[in-house]
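The values are calculated or read from the model by the stated rules, or taken from the named source; none is laboratory data. Just so it is clear, the model here is predicted, and its values are computed rather than measured. Don't worry about glycine lacking a Cβ; one is built from the backbone with ideal geometry, like all the others, and counts go over all protein chains shown. Side chains are part of the model used for accessible areas, which takes the heavy atoms of the whole protein and leaves out ligands, DNA and RNA. Shrake-Rupley method; radii C 1.70, N 1.55, O 1.52, S 1.80 Å.
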Amino acid sequence: MKLNRLAVGLVLGFGMACAAIAQTTMKISISTAQNSHQGVAIDTFAKEVEKRTGGRYKVQTFYNGSLGGERESIEAVQLGTQELAFSSTGPVPNFVPETKILDVPFLFRDKAHARAVLDGPIGQDLLKKFDAKGFKALAWGENGFRHMTNSKRDVKEPGDLKGLKMRTMENPVHIAAYKGFGIITTPMAFPEVFTALQQGTVDGQENPLPVIISAKFDQVQKHLTLTGHVYSPCIFVMNKGSFDKLAPADQQAFLDAAKEAVKANRARVDEDDAKGVADLRAKGMTVIDNVDKSKFVAALAPVNAQFEKEFGKANLDKIRDYK
Ligand code: EAX
């Protein structure tokens with residue numbers, strides 16, 4: 001009798017201890033620093049997931065491309081060797097071709113327009129396209145409007161871009177567009193960019209202010225022009241199997257955590273955009289902040305005609321006219 005009670009007690013105690021420590025750890029990565037708009041995104045995500053699942057799920061965060069560049073991390077998520085990634089859409093068309101349309105230059109008027117499209121039916125439909133490719137896309141986040149930097153000259157007119165050797169993302173739409181500017185394009189993973197700029201393998205690159213600042217490109221680039229030539233979304237992707245295995249309430253917790261993370265991410269992009277130019281000038285960059293955008297748009301007219309053929313003018317207009 002006494003022994004039985006002891007046995008029951010032991011079993012109960014062991015069960016409770018197991019419940020208390022039943023914790024699953026998942027990995028998430030970014031290519032930028034922790035102190036960046038993307039770092040804020042995954043730090044918030046990790047905190048929210050832990051909070052919303054009562055600590056049963058823990059998200060381990062990796063920064064600076066320490067698990068690989070964006071293409072590699074998305075590949076790892078697809079394979080399931082890594083559960084999650086927060087990435088720009090740069091390499092995403094290689095996995096989900098439908099997302100290509102979002103990287104068309106001069107498609108979005110401003111951040112409010114882009115955010116409305118991504119949060120609205122067009123963006124939400126695109127998220128569903130990831131399902132068939134082994135992903136669960138949790139939410140759209142933001143990288144920001146991309147601007148050109150280089151070490152050679154001030155870019156005031158589209159013609160000034162001609163002949164510059166620039167690193168681009170591994171994104172077919174970007175590569176086609178920048179060729180249209182007369183740029184010599186060199187696709188490269190982000191973790192290699194700083195060294196390539198430093199060693200002069202390339203003259204320049206293009207990225208949003210939050211990336212230029214957090215990657216300290218001011219140390220290796222002199223000239224910045226606020227071209228805002230393309231809006232760069234980010235996305236939270238998760239391995240589909242890992243997501244499907246979660247209980248419905250936990251799936252909701254992950255989705256809600258991503259939503260909270262996006263709020264913090266966008267707020268940080270706004271903050272960096274607001275003070276970025278002054279910061280970068282203080283660090284010695286020349287910043288051209290008054291280009292005539294219509295000239296840059298005009299320079300891309302032939303490429304844009306190609307994009308209208310590829311994506312359908314109606315589909316592009318649906319995004320352009322979205323209110
Ligand atoms: O996501 O590769 C890029 O230029 C990206 O904008 C950067 O990794 C941040």
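Summary table
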{"quantity": "Matching option when the condition is among the β-branched types (Val, Ile, Thr) and under 13 Å from the mean Cα position of the chain (by Cα), among 99, 24, 61", "calculated": "99"}
{"quantity": "Any hit, segment 118-125, residues being among the polar types (S, T, N, Q) and either within 16 Å of the ligand (Cβ to nearest atom) or under 26 Å from residue 164 (Cα atoms) (or both)", "calculated": "no"}
{"quantity": "Enumeration of residues in segment 120-145 that are touching a helix residue (DSSP H, G or I) at 6+ places or on another chain (Cβ under 8 Å), in a helix (DSSP H, G or I) and among the aliphatic types (A, V, I, L, M)", "calculated": "122, 126"}
{"quantity": "Which listed residue is within 16 Å of the ligand (Cβ to nearest atom) and either in a loop (DSSP other than H, G, I, E, B) or open to solvent by less than 10 Å² (accessible area, probe 1.4 Å) (or both), from 148, 238", "calculated": "148"}
{"quantity": "Search result, residues across segment 180-191 that are within 16 Å of the ligand (Cβ to nearest atom), in contact (Cβ under 8 Å) with a residue 24 or more places away in the chain and either among the basic types (Lys, Arg) or outside any loop (DSSP other than H, G, I, E, B) (or both)", "calculated": "190, 191"}
{"quantity": "Tally of residues being away from the ligand (no atom under 15 Å from the Cβ), of a type in the set (A, V, I, L, M) and assigned to a helix (DSSP H, G or I) across segment 31-76", "calculated": "3"}
{"quantity": "Number of the exception - residue 214 against (1) modelled with pLDDT of 95 or more; (2) open to solvent by 30 Å² or more (accessible area, probe 1.4 Å); (3) closer than 30 Å to residue 96 by Cβ", "calculated": "(2)"}
{"quantity": "Flag if residue 143 is touching a Lys or Arg at 6+ places or on another chain (Cβ under 9 Å) and within 16 Å of the ligand (Cβ to nearest atom)", "calculated": "no"}
{"quantity": "All positions within segment 52-69 that are over 30 Å from residue 194 (Cα atoms) and touching a residue at least 24 places away in the same chain (Cβ under 8 Å)", "calculated": "52, 53, 55, 56, 57, 58"}
{"quantity": "Tally of residues being within 12 Å of the ligand (Cβ to nearest atom) and of a type in the set (Ser, Thr, Tyr) across segment 193-216", "calculated": "1"}
{"quantity": "Among (1) out of contact with any strand residue (DSSP E or B) (no Cβ under 8 Å at 6 or more places or on another chain); (2) charged (D, E, K, R); (3) surrounded by 15 or more Cβ atoms within 10 Å (Cβ to Cβ), the one test that residue 170 misses", "calculated": "(1)"}
{"quantity": "Residues (within 11 Å of the ligand (Cβ to nearest atom) and open to solvent by 10 Å² or more (accessible area, probe 1.4 Å)) located in segment 217-229", "calculated": "none"}
{"quantity": "Restricting segment 127-138 to residues that are open to solvent by 10 Å² or more (accessible area, probe 1.4 Å) and within 15 Å of the chain's Cα centre (by Cα), the residue that is nearest to residue 97 (Cα to Cα)", "calculated": "127"}
{"quantity": "Test: residue in segment 62-73 that is surrounded by 18 or more Cβ atoms within 10 Å (Cβ to Cβ), more than 18 Å from residue 190 (Cα to Cα) and hydroxyl-bearing (Ser, Thr, Tyr)", "calculated": "no"}
{"quantity": "Residue match in segment 279-298 (condition: small (Gly, Ala, Ser), surrounded by 14 or more Cβ atoms within 10 Å (Cβ to Cβ) and in contact (Cβ under 8 Å) with a residue 40 or more places away in the chain)", "calculated": "no"}
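Yes/no matrix, rows are residues, columns are (1) of a type in the set (D, E, K, R); (2) over 23 Å from residue 254 (Cβ atoms):
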site	(1), (2)
67	no, no
74	no, no
79	no, no
85	no, no
93	no, yes
99	no, no
103	yes, yes
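Every residue, every condition in (1) within 25 Å of residue 96 (Cα to Cα); (2) in contact (Cβ under 8 Å) with a residue 60 or more places away in the chain; (3) more than 20 Å from the chain's Cα centre (by Cα), yes or no:
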residue	(1), (2), (3)
172	yes, yes, no
178	yes, no, no
203	no, no, yes
208	yes, yes, no
228	yes, yes, no
